[in-house]
1. Going highest first, how would you order A:37-48, A:82-93 by mean Cβ packing within 10 Å?
2. Suppose R0 equals 25 Å. What FRET efficiency, 1/(1 + (r/R0)^6) with r the Cβ-Cβ distance, do residue B:168 and residue A:172 give to the nearest 0.05?
3. Quick check on region A:40-175: take the gyration tensor over C-alpha atoms, sort the square-rooted eigenvalues as a ≥ b ≥ c, and tell me if it's rounded (a/c under 1.5), prolate or oblate.
4. With a 10 Å radius around each residue's Cβ, average the other Cβ atoms per peptide and rank B:139-146, B:75-82, A:7-14, highest first.
5. Per residue of B:148-158, how many C-beta atoms from partner chains lie within 10 Å of its own C-beta, taken as a mean?
6. Please compute the average number of Cβ atoms from other chains found within 10 Å of each residue's Cβ in peptide A:160-168.
7. Taking a cut-off of 28 Å between Cα atoms, list the lysines near residue B:115, but don't count ones fewer than 8 places away on the same chain.
8. Could you pull out every one of the aspartates and glutamates with an alpha carbon less than 20 Å from that of residue B:118, ignoring same-chain neighbours closer than 8 positions?
Amino acid sequence: MALRTFAPLAVPGLVLLGMLAAYRSGADVFEALTAGARKGLETTLAVAPALLALFPAVWLLRASGLPELLGQLLDPLLKRLGIPGETALLLLLRPLSGSGALSAAADIIARAGPDSLAGRTAAVMLGSSETTFYVIAVYFSAAGVRESRWAVPAALCADLACWLSAAWICKALWG
Amino acid sequence: MGPALILLYALSLLAAAALGREAEAGRALLEGAQAALPFAMQLAGGLCLWSGVTELLERAGASALLSRLLSPALRRLFPRGADDPETLSALSENVSANLLGLGNAATPAGIRAAKGLKRLGGRDELCLLVVLNTASIQLFPAGAGSLRAALGAASPFDIVPAVWFSSACSLLAGLGAAALLRRLWR
């Protein structure tokens with residue numbers, strides 16, 4: 001029970017630990033926090049134009065009724081795998097586009113509710129995966145290697161494991 | 001991205017016409033555009049706070065500590081790359097930046113490591129590095145938590161243990177698939 005009582009303090013506790021560790025090694029704590037905030041603002045500014053371009057597209061897609069249709073089509077498969085049908089669009093976008101996946105996840109979580117099973121599952125899926133094809137393209141082209149060999153199938157195995165385990169653990173914890 | 005967006009719009013318009021959702025679709029575009037900026041601002045709060053904590057941890061020497069802790073694992077996963085000090089340091093920089101959620105630092109280090117592995121002839125090790133980077137190994141899911149906070153979750157970071165579980169499953173599946181495929185691939 002103590003775990004449940006004190007769990008909400010984990011995040012502020014972590015911040016305190018970070019401040020203590022930095023203070024002990026002689027860093028300027030306040031300056032580090034503001035430098036971090038500046039980096040966070042830069043990240044936000046970097047993704048904001050993509051969000052502004054993609055939110056209308058995702059909203060339009062959602063309003064068109066296509067995702068429900070897709071969800072219904074994929075539902076037998078997703079249900080067998082134990083994955084909430086609402087997350088279908090996120091699963092399709094996640095490996096391809098980071099900001100597209102963020103837009104889709106925001107839409108799913110806003111509609112299903114942040115504390116609903118589907119909303120939580122979408123957040124966990126987003127938090128435990130990467131933009132697979134983008135990463136593969138960046139690394140192989142930067143290294144000047146043409147053949148990606150077994151990288152794509154292995155990375156997709158990891159993604160599939162991510163979807164299945166996210167759906168399973170969320171159902172076990174909050175289902 | 002261009003053709004994909006055009007396809008997305010075309011499919012949406014077709015579906016809206018076919019499913020009788022013209023009115024909703026007509027409103028959706030502007031609603032989406034208006035929602036984007038408030039959402040980005042909401043998200044910024046969480047991202048800035050967590051970037052600050054990451055900065056604190058970095059200045060306390062967390063990256064160096066992680067690199068030391070990771071060294072034995074990296075030597076096992078990348079025997080060829082680990083023989084070259086420069087590649088090994090790029091590898092450990094990449095993995096520790098990923099663990100701390102420093103995407104901006106992880107990619108340049110990862111690319112240096114990828115070039116090193118190519119030079120050393122580690123074709124399988126290069127694939128493994130890429131697979132490792134496509135699996136999210138971030139210790140603290142700041143983005144997903146901030147997203148939940150922005151959308152009004154009661155306790156945004158209560159998903160952390162679930163994210164750890166799912167990340168671990170994904171990483172193990174990636175490593176397992178890599179171990180299997182590198183033997184089968186010709």
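A short reminder: the numbers here are calculations on the coordinates, not readings from a lab. This structure is a prediction, so every number in the text was calculated from the model and none was measured. Cβ sites come from the backbone with ideal geometry, for glycine too, and all protein chains shown count toward neighbours.
1. A:82-93, A:37-48
2. The computed FRET efficiency comes out at 0.95.
3. Judged from the Cα gyration tensor, region A:40-175 comes out oblate (a/c at least 1.5, b/c at or above a/b).
4. B:139-146, B:75-82, A:7-14
5. Other-chain Cβ atoms within 10 Å of each residue's Cβ, averaged: 6.
6. Neighbouring Cβ atoms belonging to other protein chains average 6 per residue here.
7. The qualifying lysines are A:39.
8. A:147, B:83, B:84, B:86, B:93
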